[in-house]
Amino acid sequence: MKRVLTVQDISCLGKCSLTIALPVISAMGVETVILPTAVLSTHTMFKNFTVKDLSDQIEPIENHWLSEDVKFDAIYTGYLGTAEQIEQMKELFHNFRTGDNFVFVDPVMADNGKLYPAFDMEYVKKNTELCAEADIIVPNITEAAFMTGMEYKEEYDEAYIKEMLSKLNDLGARISVLTGVSLSPGKTGVMGYDREADDYFVYQNDRIDASYHGTGDLFSSTCVGAMLRGKSWQDAMKIAADYTAHTIEVTLKNPAKPWYGVDFEATIPELIGSLA
Ligand code: PXL
């Protein structure tokens, strides 16, 4: 069985970061080791959330694993709390990289043209540096605009996305994937570029007119799980895009109208089926 280390916060209530990565990747048949960066009462879209930073735990936990000679088939980072924690991640990558594992960075920090409440331009700079250390990065268009210095646009064409991918590629990761890319009316999905193969990949779904918190984490967790189950990055993106879109559709039909996260628990069986 493959083993991934995922480093993100625990939002106790909120269905995002580790409370998505752990159940989803485990259910996909991949051992999921977690390193929590902070404990929050909820994610940061709630008012008055509490935060306990766990930065001082990262090094001792890593040192223990190193002393036990623990190895990972992949390292996946998501929402991190502070610029200092990003520095700690660079060290962690250095400590746990082997010749044949991969580092997957989702530079979670912004959406819809804006940074999340906890972040500033110093954090953007650090996240850009972290992307340079990754094998595969999956920013949304807002995050990519912040990292590349390009203008954020809601209306764009393929040339804009290709320019953004080219600038992301210059940051250093082998595979750069933009999420939330709409290349024709009523569609949304991903477009990626693999430098070694000099190859673009586009996958589009029907756009569902709803946006939920945690869908980026669901997408990334599914990609990581699928890649560790032997899928190519392109097939992993496809599985993740379909699963995320389907889960949004199911959530929309829930009469209780959840607002803070998606009903991924209801759709996990179909995800497992799509891995066959
Ligand atoms: O889904 C990304 C995410 C993860 N963790 C926390 C967040 C967010 C997005 O806002 O607030 C704490």
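The values are calculated or read from the model by the stated rules, or taken from the named source; none is laboratory data. Note that the structure is a prediction, hence the values are computed from the model and not measured. So basically every Cβ, Gly included, is an ideal-geometry build from the backbone, and we count neighbours across all protein chains shown.
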Checklist (1) away from the ligand (no atom under 16 Å from the Cβ); (2) at pLDDT below 95 applied to Ala118, failing item = (1)
Where a residue in segment 108-122 is closer than 13 Å to Leu80 by Cβ and its partner, wherever it lies, is more than 10 Å from the ligand (Cβ to nearest atom) and in a loop (DSSP other than H, G, I, E, B), with Cβ under 9 Å and at least six apart | Val108/Pro139; Met109/Pro139; Ala118/Thr82
Under 9 Å by Cβ, and 6 or more places apart or on different chains, what pairs join a residue from segment 3-21 that is at positive phi and surrounded by fewer than 24 Cβ atoms within 10 Å (Cβ to Cβ) with one that is assigned to a strand (DSSP E or B) and not hydrophobic (A, V, I, L, M, F, W, C)?
-> Gly14/Ser41; Gly14/Thr42
Breaking point among (1) surrounded by 15 or more Cβ atoms within 10 Å (Cβ to Cβ); (2) over 20 Å from Gly81 (Cβ atoms); (3) small (Gly, Ala, Ser), for Ser67 | (1)
Residue by residue through segment 249-270, note down the ones that are surrounded by 18 or more Cβ atoms within 10 Å (Cβ to Cβ) and assigned to a helix (DSSP H, G or I).
-> Thr251, Phe264, Thr267
Strands (runs of 3 or more DSSP E) enclosed by segment 1-108 - at least 1 residues per element that are within 12 Å of the ligand (Cβ to nearest atom), more than 18 Å from the chain's Cα centre (by Cα) and of a type in the set (A, V, I, L, M) | 3-13, 31-42, 51-53
What is the one condition in (1) among the acidic types (Asp, Glu); (2) part of a loop (DSSP other than H, G, I, E, B); (3) surrounded by 22 or more Cβ atoms within 10 Å (Cβ to Cβ) that Glu154 does not satisfy?
-> (3)
Across segment 116-151, which residue is farthest from the chain's Cα centre (by Cα) among those that are charged (D, E, K, R) and assigned to a loop (DSSP other than H, G, I, E, B)?
-> Glu151
If you scan segment 222-275, which residues turn out to be of a type in the set (Phe, Trp, Tyr) and within 19 Å of the chain's Cα centre (by Cα)?
-> Trp233, Tyr243, Tyr260, Phe264
Hey, could you check segment 186-231 for residues that are among the polar types (S, T, N, Q) and within 16 Å of the ligand (Cβ to nearest atom) and say which is modelled with the lowest pLDDT?
-> Ser211
